[in-house]
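Reading through the structure tokens given below for one structure.
The values are calculated or read from the model by the stated rules, or taken from the named source; none is laboratory data. Predicted model, so just to flag it, every value in this text is computed and none were measured. As a convention, Cβ positions derive from the backbone with ideal geometry for all residues, glycine included, and neighbour counts pool all protein chains shown.
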């Protein structure tokens, strides 16, 4: 288990130290040579039998151009949150497993923890597949092919890379330097590039032609057709997306290859996701965007104006600022609809998103639908005492024709409370000692009692029934966790 000494100058961070060494592609001997210590000492550090001193940390930062936050416990915290969610399943109800053992497993044996996550995900998908098959093919003998959820698999791949793909950023920055157009002329400049370099004509078409499509690439006629319903920032993004496929396709394939063999549906979705990443990096080049974000105290509205991007595009891009030499605030982001369904989820920080459920209704990202277009802020506190600062706002997606349901979404963007002073939205707030809204990851994993918003009982407690009592919550459960 990681710990600091009384002086606070030494850390036991063996697994994270090993992870960084492997990411650098170094042997223990090579790492020892670079740090001026013996290979045996490196071995002892990685086994948590020796601490990492402040002097060694500084040598690491200088020798390998590292941000010391790479040794932070973010990955361990996320792994612990996922393990806690897994072992909350009734499948493990008979196992008396203290939470500290889960934390030790996440920190000391990250490979084993990841294996358990993959195994449980496969189990969950198989269980879901059986349910779907039973409902659709009851009484039939046809063979059924069931494939794991590609959306969740791609989310895992993106999270494994901390939502940061440096090679794509570098290539996109180079392309934007070549284009050299201000934001208000970028759509025209990208369209010109498609025409001159790829013989592709960009056309904005009326809704009666596009019907249910916002973008369609006609390979035979070499036309990129975009719906008139898309706003300016969307037109720029869709055009940049097409350029990403045509000019950065090989680089995207190389990036995907590092994740190993992928199922066809996963590979296709991952490729689209990486092309989206490249498109955003063209619109908001890393260096310029990071510099502006820091200078403007992460004012999303001003950043959107400066780079010609939408609120959602800016928020998503902010979660990718993990370049070691120019890190931004480690944000997490999600997009929800009015019913609370999560359709986007990204994190470069430590927020423990639930992989197998929704979000807490007390998080005010859900309340933004009552104040459309207005940015709302909130300090939230999880049951373990960790605090986060979040902002949220509704967004306007491409307008639907009259009489069709108008798409309504909200974006939530947040970070650990310790980073909040760097944000313009935290001005005047008491982040250290002020009141915070107590929330859970979701109802099924939250053990808070007497919550008036609780929709389901916690998986980790035993339900109790008492006809003489009715509390603010419809569920009464035992006080002692079974974990």
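Looking across 345, 306, 288, one residue alone is over 23 Å from residue 173 (Cα atoms) and not assigned by TED's automatic domain parsing to the domain that holds residue 240. It is 345.
Annotation: residue 373 fulfils all but one of (1) in contact with a helix residue (DSSP H, G or I) (Cβ under 8 Å, 6 or more places away or on another chain); (2) on the phi > 0 side of the Ramachandran plot; the unmet one is (1). Within the set 225, 229, the sole residue that is assigned by TED's automatic domain parsing to the domain that holds residue 174, more than 25 Å from the chain's Cα centre (by Cα) and part of a loop (DSSP other than H, G, I, E, B) turns out to be 229.
The test for being surrounded by 21 or more Cβ atoms within 10 Å (Cβ to Cβ), at negative phi and at pLDDT 70 or above does not hold for residue 105. Confirm whether residue 400 is modelled with pLDDT of 80 or more and farther than 22 Å from residue 386 by Cα. So residue 400 does not fit the description; no.
Looking at region 320-333 only, could you name the residues that are in a strand (DSSP E or B) and touching a helix residue (DSSP H, G or I) at 6+ places or on another chain (Cβ under 9 Å)? If the condition is that a residue be in a strand (DSSP E or B) and touching a helix residue (DSSP H, G or I) at 6+ places or on another chain (Cβ under 9 Å), then 322, 323, 326, 327, 333 are the ones that fit. Being closer than 30 Å to residue 299 by Cβ and touching a residue at least 40 places away in the same chain (Cβ under 8 Å) is a condition met by at least one residue of region 441-454. How about region 183-240: which of its residues are at positive phi and touching a residue at least 12 places away in the same chain (Cβ under 8 Å)? Across region 183-240, the qualifying residues are 199, 222.
Here's the yes/no breakdown for (1) touching a residue at least 60 places away in the same chain (Cβ under 8 Å); (2) under 29 Å from residue 395 (Cβ atoms); (3) part of a helix (DSSP H, G or I):
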position	(1), (2), (3)
250	no, no, yes
265	yes, yes, yes
276	no, yes, yes
297	yes, yes, no
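Residue check: is residue 317 surrounded by fewer than 21 Cβ atoms within 10 Å (Cβ to Cβ), at negative phi and in a helix (DSSP H, G or I)? No. Restricting region 387-404 to residues that are surrounded by 15 or more Cβ atoms within 10 Å (Cβ to Cβ) and in contact with a helix residue (DSSP H, G or I) (Cβ under 8 Å, 6 or more places away or on another chain) leaves a set whose member that is nearest to residue 228 (Cα to Cα) is 395. There is no residue in region 468-480 that is buried (at least 16 other Cβ atoms within 10 Å of the Cβ), within 25 Å of the chain's Cα centre (by Cα) and assigned to a loop (DSSP other than H, G, I, E, B). Pairs meeting the criteria (first residue in region 399-421 and outside the structural domain of residue 371 (by TED's automatic domain parsing), second residue in a strand (DSSP E or B) and buried (at least 16 other Cβ atoms within 10 Å of the Cβ), beta carbons under 8 Å, at least 6 apart or on different chains) are lacking. Evaluate the following for residue 303: is it in contact with a helix residue (DSSP H, G or I) (Cβ under 8 Å, 6 or more places away or on another chain), surrounded by fewer than 20 Cβ atoms within 10 Å (Cβ to Cβ) and either outside any loop (DSSP other than H, G, I, E, B) or on the phi < 0 side of the Ramachandran plot (or both)? Taking the combined requirement at face value, the residue does not satisfy it. Is it the case that region 78-94 has a residue that's closer than 20 Å to residue 23 by Cβ and either under 28 Å from the mean Cα position of the chain (by Cα) or at pLDDT 75 or above (or both)? Within region 78-94 (the criterion being closer than 20 Å to residue 23 by Cβ and either under 28 Å from the mean Cα position of the chain (by Cα) or at pLDDT 75 or above (or both)), the answer is yes, since at least one residue qualifies. If only residues of region 190-222 that are in a helix (DSSP H, G or I) and modelled with pLDDT under 95 are counted, the one that is surrounded by the most Cβ atoms within 10 Å (Cβ to Cβ) is 210.
For residue 236, the test of being out of contact with any strand residue (DSSP E or B) (no Cβ under 8 Å at 6 or more places or on another chain), at pLDDT 95 or above and surrounded by 21 or more Cβ atoms within 10 Å (Cβ to Cβ) is passed.
Within region 1-50, the set of residues being assigned to a loop (DSSP other than H, G, I, E, B), at pLDDT 85 or above and under 31 Å from the mean Cα position of the chain (by Cα) comprises 26, 27.
In this structure, does residue 339 turn out to be outside any helix (DSSP H, G or I) and outside the structural domain of residue 388 (by TED's automatic domain parsing)? In short, no.
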